[in-house]
Amino acid sequence: MTLDADRRSEPAADRAELVDGVLIPTGLFVLAVAVYAWLNNGREAQLDYFVPLADAFLHGRLGLTEMPGNLNELVPFNGLAFVVYPPMPAIVLLPAVLLFGPGFDQAWASILLGAANVVVMHVLLRGMGTARRPALVLALVFAFGTIVWYSAQAGSAWHFAHVVATFFMLLAIRACQLDARAGLIGLLFGAAVISRLPLMLAAPFFMAYIADAAHREATSDRTVFGSLLVARPPARDARPSLRRFIDLGTPLAAGAALPLVGYLIYNYMRFESPLQTGYALIPGLLQETQYRDGFFSIVNIPRKLYALFLSAPAQVDGFPWIGSRHLGGLSIVLTTPLFLWSIRARRPDWFNLGAWVSVALILIPILLHADAGGEQFGFRYAQDLYPFLFLLTARGLQGRISLEAWIAIAIGVLINVWGMGSTYFDWWV
């Protein structure tokens, strides 16, 4: 009888694996690509710095040989024009530019990678122990109830950098779930950092992972880092030995150091200083009004807090009667009210501790920075927080979506659809 039951359970398990491992991820990817491409509406990415930079890399150069008129944030130095943004997005584009040449549209890479992010988020949610239905709903919320779809369909340099950074950070978190080799986790984390530099302040999350992994190893605990299914002990009760923490942390640090040291060498070879990123060398930039107090200043904090939490749509005459400001963005609470459920992820285990400390630290340069984010829907800099904030939200929901959460989801999706209407029909204020 037991044997018969086992035989009956095998097809059910195979079907579940097919659905969760193939059908749902494929469906999410195809849906996201279709919607993002439709929203893009055939517009080539503006400010596509990374395609010419990838082409320069393929020709053995670190900079461009000319300064195209549409690219206004290039630094002329020693006979070349250098792109100031960290180079990982250009590295990601190398295969596409090699195959299709310098005419490749950067927006397509952004659309495809943005759709891949939706799939990885779904995998992460399932890995945490979220049941199939709520995991699917939350993956769809990530795809269409946050501002990630604006960045994915836009594909310009600023937004593509967010897409690439999110991709590598989500992969790094997934590697933590799988207890992959620490060096690989560090390498993925480093790749995220040289896509968006503020993400270097996510290091506490990976330190928390090492502490949790060392404790689980010492107690023969095989549960997943960040699991919803197990009540993890508070971090103070799950402290690893210092020696084991160092043993596990050293290869992770070494893996992260590879791209970071490479970035420092890249800066030195361009500007003769490893710490010179090039932003301060952009002609005329420091003369702009917003930089009168420098790149970073505490005077920017009130303005940034307002943009992050309080910025609202503008009233306009005629349909749709309210409009989104193309410059300045929209409050994170409006674009994704479901994030409020992250506040419920308060248990002081290593996952929550590492995620919340990382969110707090990443916010520091965002709030201090003078620039508001340029053309955007929502507050684009907040995407640096999204990998952690979204998973904290899933933990706050505890695997179930209440009526109040459904209302928050509906509001967020409607606001994002309205915002994408601004994109598609040019309703910007």
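Listing for the model above:
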{"read-out": "Nonlocal amide H pairs with G63, under 5 Å, H built at 1.01 Å", "value": "none"}
{"read-out": "Helical segments meeting 20 Å axial Cα length and Kyte-Doolittle 1.0 threshold in the chain (DSSP H)", "value": "24-40, 106-127, 157-177, 350-368, 403-425"}
{"read-out": "Fluctuation leader among P240, P337, P95 - the chain, Gaussian network, Cα springs under 10 angstrom", "value": "P95"}
{"read-out": "Positive-end extreme of charge dipole, the chain - chosen from I246, V22, M67 (charges on Cβ)", "value": "I246"}
{"read-out": "Residue (of L93, P302, W38) at the positive-pole extreme of the chain, dipole from beta-carbon charges", "value": "P302"}
{"read-out": "Structure-derived P(r) over Cα pairs in 10 Å bins from 0, in percent: which label, when the choices are [x] 4, 21, 29, 24, 14, 6, 1, 0; [y] 4, 12, 16, 16, 14, 11, 9, 6, 5, 3, 2, 1, 1, 0; [z] 4, 20, 31, 27, 13, 4, 1, 0, 0", "value": "[z]"}
{"read-out": "Rounded if a/c under 1.5, otherwise prolate or oblate - the range 374-429, Cα gyration tensor axes", "value": "oblate"}
{"read-out": "Alpha-carbon centroids, the range 267-309 and the range 353-377: separation in whole Å", "value": "14 Å"}
{"read-out": "Shape parameters for the range 288-413, alpha-carbon atoms, Rg then Dmax in Å", "value": "16.3, 51"}
{"read-out": "21 Å tail of the calculated P(r), the range 207-338, as % of Cα pairs", "value": "71 percent"}
{"read-out": "Cα shape, the range 121-174, gyration tensor, a/c 1.5 rule", "value": "oblate"}
{"read-out": "Selection of chymotrypsin sites (Phe, Trp or Tyr not before Pro), the range 84-139, meeting DSSP coil and at most 13 other Cβ within 10 Å", "value": "none"}
{"read-out": "Computed magnitude of the charge dipole of the chain (debye, nearest 20; Cβ of K, R +1, Cβ of D, E -1)", "value": "1160 debye"}
{"read-out": "Length gained when the stretch V417-L264 is fully extended (0.36 nm per residue, less Cα-Cα span)", "value": "51.0 nm"}
{"read-out": "Per-pair calculated FRET efficiency, R0 = 51 Å: I298 and W321 via Cβ, rounded to 0.05", "value": "0.85"}
{"read-out": "Shape call, the range 139-283: gyration tensor on alpha carbons, a/c limit 1.5", "value": "oblate"}
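Bear in mind these aren't lab numbers, they're just calculated from the coordinates by the rules spelled out. Source: prediction; values computed, not measured. Positions of Cβ are generated from backbone atoms using ideal geometry, with glycine treated the same way; all protein chains shown enter the neighbour counts.
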